[in-house]
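*Asks:* Below: one structure in structure tokens.
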Amino acid sequence: MKVIICLDQNMGFSFNGKRQSNDKYVIEDIMQYIEYKKSNIYVKPYSFDLFKDYNVNSIPNSNSYHFLEGNDVYNIPNLYDKIDELVVYCWNTIYPSDSKLCLNFLKFSNIDTYSFEGFSHEKITRFILKKWIIIF
């Protein structure tokens with residue numbers, strides 16, 4: 001499973017069940033990345049407004065990147081075990097949050113880091129992480 005998530009510097013992603021922030025340049029970068037990977041993106045109805053200018057899927061397939069927000073992170077059983085690639089957009093700030101991503105990043109390798117100026121944030125960093133594959 002390929003997952004995209006937006007976090008603040010304390011791994012927070014939502015407050016009172018709502019997204020902490022959104023940035024239109026993040027959405028643009030996500031769509032450029034998806035196009036580069038010759039893939040598509042799956043979003044749940046809650047996230048449709050972020051992607052209103054783009055063609056997104058409401059039904060996932062095996063090639064889809066899953067854009068997760070809010071309780072999506074908790075509603076996928078064994079999510080951690082299913083993630084092969086994780087794309088993290090990190091704001092350069094800390095927001096109030098009541099939900100934080102609890103993920104063991106030690107099992108992932110950072111294969112790419114890219115920073116850019118956002119529309120509403122001075123700095124946004126995109127991390128592309130791949131899960132280690134251990135073969136015995």
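The values are calculated or read from the model by the stated rules, or taken from the named source; none is laboratory data. Predicted model, so just to flag it, every value in this text is computed and none were measured. Note that each Cβ is placed from the backbone with ideal geometry, even for glycine, and that neighbours are counted across all protein chains shown. To get the accessible areas, we keep the full protein, side chains included, count just its heavy atoms, and leave off ligands, DNA and RNA. Shrake-Rupley method; radii C 1.70, N 1.55, O 1.52, S 1.80 Å.
*Asks:* Looking only at the range 52-72, count every residue that is within 21 Å of residue 7 (Cβ to Cβ) and either touching a Phe, Trp or Tyr at 6+ places or on another chain (Cβ under 6 Å) or not in a helix (DSSP H, G or I) (or both) and tell me the total. Can you show your working first?
*Replies:* So the first thing to find is which residues in the range 52-72 are within 21 Å of residue 7 (Cβ to Cβ), and the list is 56, 64-72.
Cutting the leftovers down to either touching a Phe, Trp or Tyr at 6+ places or on another chain (Cβ under 6 Å) or not in a helix (DSSP H, G or I) (or both) gives us 56, 64-71.
Qualifying residue count for the region: 9.
*Asks:* With the requirement that a residue be among the aliphatic types (A, V, I, L, M) and modelled with pLDDT of 90 or more, what does the range 69-94 give you?
*Replies:* 86, 87, 88
*Asks:* Oh, and also: Only one of (1) open to solvent by less than 30 Å² (accessible area, probe 1.4 Å); (2) assigned to a loop (DSSP other than H, G, I, E, B); (3) under 21 Å from residue 107 (Cα atoms); (4) not acidic (Asp, Glu) fails for residue 9. Which number is that?
*Replies:* Only one criterion in (1) open to solvent by less than 30 Å² (accessible area, probe 1.4 Å); (2) assigned to a loop (DSSP other than H, G, I, E, B); (3) under 21 Å from residue 107 (Cα atoms); (4) not acidic (Asp, Glu) is unmet by residue 9, namely (1).
*Asks:* Here is a further query. Given (1) under 20 Å from residue 37 (Cβ atoms); (2) touching a Gly at 6+ places or on another chain (Cβ under 6 Å), where does residue 116 come up short, assuming only one miss?
*Replies:* (2)
*Asks:* Moving on. Checking the condition among the β-branched types (Val, Ile, Thr) and more than 15 Å from the chain's Cα centre (by Cα), which residue from 34, 59 passes? I'd like the intermediate steps shown before the answer.
*Replies:* Numbers: 34 fails: more than 15 Å from the chain's Cα centre (by Cα).
Being among the β-branched types (Val, Ile, Thr) and more than 15 Å from the chain's Cα centre (by Cα) holds for just one of 34, 59, which is 59.
*Asks:* Quick check on the range 15-27. Is at least one of its residues within 17 Å of residue 92 (Cβ to Cβ), part of a strand (DSSP E or B) and open to solvent by less than 80 Å² (accessible area, probe 1.4 Å)?
*Replies:* Checked against the condition, which is being within 17 Å of residue 92 (Cβ to Cβ), part of a strand (DSSP E or B) and open to solvent by less than 80 Å² (accessible area, probe 1.4 Å), the range 15-27 yields at least one hit.
*Asks:* Quick check on my filter: what residues within the range 45-90 are under 16 Å from residue 127 (Cβ atoms) and either of a type in the set (Gly, Ala, Ser) or open to solvent by 80 Å² or more (accessible area, probe 1.4 Å) (or both)?
*Replies:* Scanning the range 45-90 gives a single hit, 84.
*Asks:* I would also like to ask the following. Can you tell me how many residues within the range 32-72 are hydrophobic (A, V, I, L, M, F, W, C), farther than 17 Å from residue 86 by Cβ and in contact with a helix residue (DSSP H, G or I) (Cβ under 8 Å, 6 or more places away or on another chain)?
*Replies:* Looking only at that region, the number is 3.
*Asks:* Next question. Answer yes or no as to whether residue 49 is in contact (Cβ under 8 Å) with a residue 60 or more places away in the chain and part of a helix (DSSP H, G or I).
*Replies:* No: the conditions fail for residue 49.
*Asks:* Continuing with this model, one more query. For the range 108-116, state whether one or more residues are aliphatic (A, V, I, L, M), open to solvent by 80 Å² or more (accessible area, probe 1.4 Å) and in contact with a Lys or Arg (Cβ under 8 Å, 6 or more places away or on another chain).
*Replies:* Taking every residue of the range 108-116 in turn, at least one turns out to be aliphatic (A, V, I, L, M), open to solvent by 80 Å² or more (accessible area, probe 1.4 Å) and in contact with a Lys or Arg (Cβ under 8 Å, 6 or more places away or on another chain).
*Asks:* Filter the range 95-107 down to the residues that are closer than 17 Å to residue 69 by Cα and open to solvent by 60 Å² or more (accessible area, probe 1.4 Å) and list them by number.
*Replies:* Listed by number, the residues that qualify are 95, 96, 98, 100, 102.
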